[in-house]
Amino acid sequence: MTRYKAPRGTSDLVFPDSEKMERLIETACALMRERGYRRIDTPILEDTELFARSIGEETDIVTKEMYNFEDRGGESLTMRPEGTAPVVRAYLERGLASRGLPVKVYYVGPMFRRERPQAGRFRQFTQIGGEAIGSEDPFLDAEIISFSDALFARLGLERYRLLVNSVGCRECRPAYVDRLRSFLEAMKGGLCEQCVRRTDTNPLRVFDCKNERCRATLKGAPTIGEHLCPRCREHFDALLGHLDTMGMTFEVDERMVRGLDYYTNTAFEFQFEGLGAQNTVCGGGRYDGLTEELGGPPTPGVGYSMGLERLLMALEAEGLDPFVPERLQVFLAAAPGVQREPVLDLLGRLRAEGISADTDFMGRGLKAQMKQADRLGARVVVMIGEEELASGEVTLRDLDASEQWRVPAKGLVERIRQIL
Ligand SMILES: [Zn+2]
Ligand SMILES: [Zn+2]
C-alpha cells in the first residue's frame with residue numbers, strides 16, 4: 001500500500017502547534033479590529049492575470065513561483081501568492097469605496113509560492129495582512145507599520161528591527177532607475193548572470209540578490225534617497241516624524257526595495273534575530289499605482305503582510321510561549337459496568353454550562369481513566385461508581401489540590417464551578 005505524504009514544502013499543523021497558530025491568529029485579528037480594520041476574505045483562486053499585472057511580469061513570484069493551472073473550462077487560475085492584489089480587486093469589484101474612505105480591511109489565510117523549501121520558507125504559508133485604501137496621509141503608513149510593533153509588544157517579542165525606505169513615485173523613480181541602470185551597465189563584470197539580466201528588465205531587483213560579489217558591487221550604487229522628488233521626500237520625512245512620535249525605533253535602509261513592482265513611496269520590513277536567512281517576518285508599503293493598474297480610478301493605498309509561521313519561530317527563538325494550551329476542566333471517569341445514561345446526562349449538563357468536559361470512550365478501567373485525565377490536563381475528575389449512583393452521589397477529585405469529596409450528583413455543577 002502507498003503511504004501518502006504532504007506535498008514538499010507543506011506540512012500538517014497538529015496539536016499543540018495548531019492551537020498556538022489559532023490563538024496567534026485570534027490575537028492578531030483582535031488587534032486589527034481594535035484599530036478599526038474589518039475582516040475581508042477573498043478566494044484562494046484568482047485569475048492568473050491579476051497577479052501578473054499587479055506584482056509585475058518580471059518578478060520572481062510571477063516568473064517562477066506561482067501555482068498556475070488551467071481549470072477544466074480552460075481558464076488560467078492561480079493559487080494566490082499574496083493578499084494585496086486580491087483585496088484591491090475586491091475593493092474595485094465590490095465598490096467598497098462607497099462605504100467611506102479610507103477602507104481599512106484585514107485578511108488571514110494561506111498563500112502559495114513554489115520556492116525552494118528551507119527553514120522558515122514553505123510553499124504554503126499563513127499570512128495576516130492589512131490594507132488601508134483611499135488616503136495618501138503618511139499617518140496611515142505609520143498606523144500600518146505600528147500594528148506589527150504593537151503585536152510584537154503584546155507577544156513579548158524584543159529581538160527585531162524595523163527597516164524603512166521610500167522607493168519614490170512614478171515621477172522620480174524612473175530617473176533613478178536610469179541612473180542605477182547606467183551604473184550597473186558600467187559594473188557588469190561584478191554582477192551575477194541574473195543581475196545582468198535584471199539590469200535590462202528590472203534594475204531595482206538587483207538589491208534582492210544574495211550573491212556576495214553583487215552585494216560588494218552594489219555598495220557604490222546610487223541610492224533612491226538622493227533622487228526623491230520634493231513630494232516623496234516630504235511624505236517620507238513626515239512618516240519618519242510620525243514613527244518617532246509613536247515611539248518606534250527604526251533604521252532607514254536605502255537599499256531595501258520590496259520584491260513587488262507596485263510599491264510607491266513607503267517600503268518597510270521587520271527583521272528578527274535568530275531566524276537565519278529567512279528573517280523577514282513582516283513587510284509592506286504603499287501602492288498608490290495599483291488600483292489604476294487594475295483598471296480602477298487613481299486611489300492611494302498602503303498595507304502590510306506578516307508570515308505567521310515565521311512569527312511562531314520568532315517566539316520560539318526568544319523562548320516565549322504566550323499561548324499555553326487550554327486545560328480540560330472536567331473528566332468524567334465511570335467505573336466499569338456503569339450505564340452510559342448518567343454519564344451522558346452529566347456530560348451534557350457540564351457542556352451546556354460552558355464547562356469543558358470529556359470522558360472515556362475506550363472501555364478503560366478507572367486507573368487508566370485517571371491517567372487519561374492527567375494526560376488531558378484535567379482540573380477535576382468526577383468518578384461515578386454503581387454504588388455511588390445508587391446513593392445519588394459522585395466522587396469529586398480536585399487534581400491540583402489532590403483532595404476529594406463525595407457530593408450529591410444534583411448540586412455537582414455548582415460545586416465544580418466553585419473549584420474552577
Ligand atoms: Zn516622487
Ligand atoms: Zn546578483
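The values are calculated or read from the model by the stated rules, or taken from the named source; none is laboratory data. These numbers were taken from a predicted model, which means no experiment stands behind them. With ideal geometry, Cβ positions are generated from the backbone for all residues, glycine too; neighbour counts draw on all protein chains shown. These accessible areas exclude ligands, DNA and RNA; they are computed on the full protein's heavy atoms, side chains included. Shrake-Rupley method; radii C 1.70, N 1.55, O 1.52, S 1.80 Å.
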- line: (1) within 16 Å of ligand 1 (Cβ to nearest atom); (2) closer than 11 Å to residue 165 by Cα all hold for residue 253 apart from (1)
- request: Report the residue count in region 237-260 for those that are more than 18 Å from residue 133 (Cβ to Cβ) and either modelled with pLDDT of 95 or more or outside any loop (DSSP other than H, G, I, E, B) (or both).
  value: 15
- request: From the list 48, 2, pick out the single residue that is out of contact with any helix residue (DSSP H, G or I) (no Cβ under 7 Å at 6 or more places or on another chain) and modelled with pLDDT under 95.
  value: 2
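Hey, could you check region 168-189 for residues that are of a type in the set (Lys, Arg) and within 18 Å of residue 235 (Cα to Cα) and say which is farthest from ligand 2 (Cβ to nearest atom)?
Here is the first cut: in region 168-189, the ones of a type in the set (Lys, Arg) are 170, 173, 179, 181, 188.
Those still in the list that are within 18 Å of residue 235 (Cα to Cα) too: 170, 173.
On the way: 170: 26, 173: 21 Å.
In this case the residue turns out to be 170.
From the residues in region 370-420 that are assigned to a helix (DSSP H, G or I) and acidic (Asp, Glu), which one is nearest to the chain's Cα centre (by Cα)? Give the derivation first.
To start, the set of residues in region 370-420 that are assigned to a helix (DSSP H, G or I) comprises 370-375, 386-390, 412-419.
Now drop any that are not acidic (Asp, Glu), which leaves 374, 386-388, 414.
Values: 374: 33, 386: 52, 387: 54, 388: 51, 414: 41 Å.
This residue is 374.
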field: Set 295, 301: member being more than 16 Å from ligand 1 (Cβ to nearest atom), touching a Leu at 6+ places or on another chain (Cβ under 9 Å) and at positive phi
entry: 295
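Consider residue 161 carefully, then state whether it is within 16 Å of ligand 2 (Cβ to nearest atom) and within 24 Å of residue 250 (Cα to Cα).
Details: within 16 Å of ligand 2 (Cβ to nearest atom): no; within 24 Å of residue 250 (Cα to Cα): yes.
Against the criterion (within 16 Å of ligand 2 (Cβ to nearest atom) and within 24 Å of residue 250 (Cα to Cα)), residue 161 does not qualify.
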field: Segments classed as strands (runs of 3 or more DSSP E), wholly inside region 33-97, with at least 1 members that are open to solvent by 20 Å² or more (accessible area, probe 1.4 Å) and within 25 Å of residue 257 (Cα to Cα)
entry: 67-70, 76-79
- request: Report, ordered by the first and then the second residue, all pairs with beta carbons closer than 7 Å, sequence separation of six or more or different chains, a first member in region 397-420 that is closer than 16 Å to residue 342 by Cα, and a second member that is modelled with pLDDT of 90 or more and part of a loop (DSSP other than H, G, I, E, B).
  value: 413/353
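For region 261-369, list the strands (runs of 3 or more DSSP E) that sit wholly inside it and hold at least 3 residues that are among the hydroxyl-bearing types (Ser, Thr, Tyr), touching a Pro at 6+ places or on another chain (Cβ under 8 Å) and open to solvent by less than 20 Å² (accessible area, probe 1.4 Å); which are they? Quick ask: steps written out before the conclusion?
Details: elements: 264-272, 280-286, 301-307, 330-334, 357-359.
Strands (runs of 3 or more DSSP E) meeting the threshold: none at all.
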field: region 103-127: number of residues that are more than 19 Å from residue 46 (Cα to Cα) and surrounded by fewer than 20 Cβ atoms within 10 Å (Cβ to Cβ)
entry: 7
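If I ask for residues that are more than 16 Å from ligand 1 (Cβ to nearest atom) and open to solvent by less than 50 Å² (accessible area, probe 1.4 Å), which ones from region 209-239 would you list? Step through it out loud before you land on a result.
Taking region 209-239 as the starting set, the residues that turn out to be more than 16 Å from ligand 1 (Cβ to nearest atom) are 209-221.
Across region 209-239, the qualifying residues are 209, 214, 217, 218, 221.
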message: For region 245-256, check the following and say yes or no: at least one residue is aliphatic (A, V, I, L, M) and free of Cβ contacts under 8 Å to residues at least 40 places away in the same chain.
response: no
task: Among the residues of region 156-201, write down those that are under 28 Å from the mean Cα position of the chain (by Cα) and surrounded by fewer than 17 Cβ atoms within 10 Å (Cβ to Cβ).
output: 156, 158, 159, 161
